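Chemist: Encoded as structure tokens, here's the structure I'll be asking about.
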Amino acid sequence: MQDRAIEAEESLKFFILTGKPLDRRLSIGQIAALRFAQDDEFVNLATKTLAENLLPDEIKKLIKNWRPDHHRV
């Protein structure tokens, strides 16, 4: 259930920032890692993730300004 919520939230975030849907080729692990990126990094990291097929740990290492997840259960 939480995976679907994360995917929906990040898909909406991507759409708000770009006006385009989040690419369905991203895995839930990649999307979960991207959720920690601030808006100014999110789109570029999502694009880089698709281009280079980055693993979740690689995505997290590239995030410069972390967005905390205070609502995690």
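Chemist: Being out of contact with any Asp or Glu (no Cβ under 9 Å at 6 or more places or on another chain) and either surrounded by 14 or more Cβ atoms within 10 Å (Cβ to Cβ) or in a helix (DSSP H, G or I) (or both) is the filter here, so list the residues in the range 12-22 that pass it.
Modeler: Answer for the range 12-22, where residues must be out of contact with any Asp or Glu (no Cβ under 9 Å at 6 or more places or on another chain) and either surrounded by 14 or more Cβ atoms within 10 Å (Cβ to Cβ) or in a helix (DSSP H, G or I) (or both): L12, F15, T18.
Chemist: Right, here's the next one. Quick one: is L54 part of a loop (DSSP other than H, G, I, E, B) and buried (at least 16 other Cβ atoms within 10 Å of the Cβ)?
Modeler: yes
Chemist: Right, here's the next one. If K64 satisfies every condition in (1) of a type outside the set (S, T, N, Q); (2) loosely packed, with under 13 Cβ neighbours inside 10 Å; (3) outside any loop (DSSP other than H, G, I, E, B) but one, which is the exception?
Modeler: (3)
Chemist: Please go through the range 23-47 and pick out each residue that is surrounded by fewer than 12 Cβ atoms within 10 Å (Cβ to Cβ) and either farther than 20 Å from W66 by Cβ or at pLDDT 95 or above (or both).
Modeler: Listed by number, the residues that qualify are R24, R25, N44.
The values are calculated or read from the model by the stated rules, or taken from the named source; none is laboratory data. This structure is a prediction, so every number in the text was calculated from the model and none was measured. All Cβ positions, even for glycine, are placed from backbone atoms using ideal geometry, and neighbour counts span all protein chains on display.
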